[in-house]
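What follows is a set of notes on a single structure, which appears directly below.
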Amino acid sequence: VQIYSLHVDCKVTSRFAHTIITSRIVNRANESREATFEVELPKTAFITNFSMSIDGQVYPGIIKEKAAAQNAYDRAVSQGQSAGLVKITDRKLEKFHVSVSIAAASKVTFELTYEELLKRQLGKYELLIKVRPKQLVKHFQIDVHIFEPQGIHFLETDSTFMTNELTEALTKVQNETKAHILFKPTLDQQKINSELDETLLNGDFVVRYDVKRDATAGDIQIVNGYFVHYFAPQEMPVFPKNVIFLIDRSGSMTGRKIEQTRDALLKILQDLRPEDHFNFITFSNKVVEWKSSLLPATEENVASAAAFVQTLTARGGTDINGALLAAVSTLDKDEGLPERSVSMIILLTDGQPTSGERNVEVIQENIQKAINGKYALFCLGFGFDVSYKFLEKMALSNGGIARRIYENSDAALQLQGFYQEVATPILMQIEMQYPENAIEGLTKNNFKLFFEGSEIIVSGKISSELDLLPVEIKAQSHMSDLTLKEEANIKEKEQVFQNQRYIFGNFIERLWAYLTIQQLLEKAISAQEEDQKALEAQALDLSLRYSFVTPLTSMVVTKPSDQQQEELANKPTEAG
């Protein structure tokens, strides 16, 4: 069974990426064989389409409500057969895998489409394409087209498998607002060496870029009555931060995990700014504060903290409740913190609560009551023994986010990378305001914190006949309260995309749907039960209307009648 053509076609228009992967396979044997299509795609993406065509007959994937699809599937398949075509493979990726049996000399074409909104992190967007054909492919190509009306500030490609020969197969053309990246290696260039028919193409192909930013109140783009507003101020003074690192040192952290935690904390200590304040609380079944109050990050204090971090060892149970309450109380009673500053608690744990309060609902309630909106809580779950759902709900209910730290060799880098994302808060209490009676379906427009290098995105539908869309942004910076104003000329803005040949028509509407679904699902995590149902119903409706495979929908993949009839592609979530 031979893959004779593999084409990755990706169009990024104003951060919204639309990727189509097409694989053509021929069975050169004289009997029927399995043809397999396996793609690793970013977890942040939603699959929107899949089809197989075998000798001219097309078998499309059909997106349905998950529960309904599952019922139909369970009826069709005797229990015990493994369902699910999509599985999480690592920190950034999930794998879509489907096989079909094809007759001798037959051909099959697989086509998968997915979409995602690229998220700005540490000053850049990253488009990740996983390349793993597992064989030499006669016609192999990756095509990436980028169109950013704000202008491209910088653009780089990076790959884990490039050799000097392969570099010759890569071309990059760019002007002010557009870029085209083409990677088209010949059979010879793909080979590990001339004797062996083995492929070099195995790993990540990454495009990173950022856009130019002039307008103080961000940039507005409009297509077919839908707008998106990007806001990423730069070069602003950084708020001093008050950070409590809450470190699990229960028995299960022994060995590699506590070592990697120590390594990461030593690096993070070096990144603290002199005006920051910090403290450590470590916990097993006992909760121990390093100091009774937060200390300024002077050279001396950082050195003494580093000495303390070196001594961290792991044993005992896990009192998450006691540790969190101690952190909140330390922040509450500290009088010496700078007036305009950002306080945060960063919790790192690898397990379930096993001592002190063990009921996760009670813990969530205790913590929410104690924090009461004053501080941001970030929860890092180390490995797969944590209850990620619990950590995620706790973080989202208290103005932070949760992240799983994967137990591999780069765990220390993952921890450090996370810290860097939240290390430079430059705005607080950001409100993005639009004319009330003129916008429908506005996505989230209030944000607690803005970190340098990230981006705020708001989208909605312009409902009335406006000529100008006025926007107003209110926020607190370290020095003062800001009000930024901007007016977008709707006709002019619509014009920008009129004559772009590779724009997929209603991309801002799809971006709006993608963002709305993401936010509804996130909101549902920390909502009360009846609200949760309403939020999920809304997200389901949009997932079906725009054909996205989300955690609430499934794609039913049909096959020729002589084979197992249907398989399901579901969207896995980090919480499982």
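The values are calculated or read from the model by the stated rules, or taken from the named source; none is laboratory data. This structure is a prediction, so every number in the text was calculated from the model and none was measured. Every residue, glycine among them, receives a Cβ derived from its backbone with ideal geometry; neighbour counts consider all protein chains shown. What goes into the accessible areas is simple: the full protein's heavy atoms, side chains included, and nothing from ligands, DNA or RNA. Shrake-Rupley method; radii C 1.70, N 1.55, O 1.52, S 1.80 Å.
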Next item on the list: Scan region 197-216 for residues that are part of a loop (DSSP other than H, G, I, E, B) and surrounded by 20 or more Cβ atoms within 10 Å (Cβ to Cβ) and report the count.
Entry: 1
Notebook entry, point to check: Just checking, which of LEU413, LEU380 is on the phi < 0 side of the Ramachandran plot, out of contact with any Cys (no Cβ under 6 Å at 6 or more places or on another chain) and surrounded by fewer than 16 Cβ atoms within 10 Å (Cβ to Cβ)?
Noted result: LEU413
Next item on the list: Please enumerate the residues belonging to region 269-283 that are part of a helix (DSSP H, G or I) and either among the aromatic types (Phe, Trp, Tyr) or open to solvent by 10 Å² or more (accessible area, probe 1.4 Å) (or both).
Entry: GLN270, ASP271
Check: Which residues, counting only those in region 273-290, are of a type outside the set (S, T, N, Q) and either under 17 Å from LEU347 (Cα atoms) or touching a Phe, Trp or Tyr at 6+ places or on another chain (Cβ under 6 Å) (or both)?
Finding: HIS277, PHE278, PHE280, ILE281, PHE283, LYS286, VAL287, VAL288, GLU289, TRP290
Check: Across region 519-533, which residue is most open to solvent (accessible area, probe 1.4 Å) among those that are without any contact (Cβ under 8 Å) to a residue 12 or more places away in the chain and either in contact with a helix residue (DSSP H, G or I) (Cβ under 7 Å, 6 or more places away or on another chain) or not in a helix (DSSP H, G or I) (or both)?
Finding: GLN528
Margin query: I'd like to verify a number: residues in region 534-554 that are touching a residue at least 60 places away in the same chain (Cβ under 8 Å), assigned to a helix (DSSP H, G or I) and more than 20 Å from ASN71 (Cβ to Cβ), how many?
Written below: 0
Note to self: Please determine whether any residue of region 111-122 is among the acidic types (Asp, Glu), over 23 Å from the mean Cα position of the chain (by Cα) and loosely packed, with under 14 Cβ neighbours inside 10 Å.
What the structure shows: no
Notebook entry, point to check: If you go through region 246-257 one residue at a time, how many are open to solvent by 10 Å² or more (accessible area, probe 1.4 Å) and of a type outside the set (D, E, K, R)?
Noted result: 4
Next item on the list: May I ask you to say which residue of GLN221, GLN189 is buried (at least 16 other Cβ atoms within 10 Å of the Cβ) and outside any strand (DSSP E or B)?
Entry: GLN189
Check: Among the numbered criteria (1) free of Cβ contacts under 8 Å to residues at least 60 places away in the same chain; (2) open to solvent by less than 50 Å² (accessible area, probe 1.4 Å); (3) in contact with a Ser or Thr (Cβ under 6 Å, 6 or more places away or on another chain); (4) not aliphatic (A, V, I, L, M), which single criterion is violated by SER459?
Finding: (1)
Check: Of all residues in region 13-36, which are modelled with pLDDT under 95 and part of a strand (DSSP E or B)?
Finding: THR13, ARG33, GLU34, ALA35, THR36
Note to self: Can you pull out every residue in region 295-315 that is in contact with a helix residue (DSSP H, G or I) (Cβ under 7 Å, 6 or more places away or on another chain), crowded, with 16+ Cβ neighbours inside 10 Å and assigned to a loop (DSSP other than H, G, I, E, B)?
What the structure shows: LEU312, ALA314
Next item on the list: Exactly one condition in (1) surrounded by fewer than 21 Cβ atoms within 10 Å (Cβ to Cβ); (2) under 17 Å from ARG249 (Cα atoms); (3) under 17 Å from the mean Cα position of the chain (by Cα) is not met by ILE401; state its number.
Entry: (2)
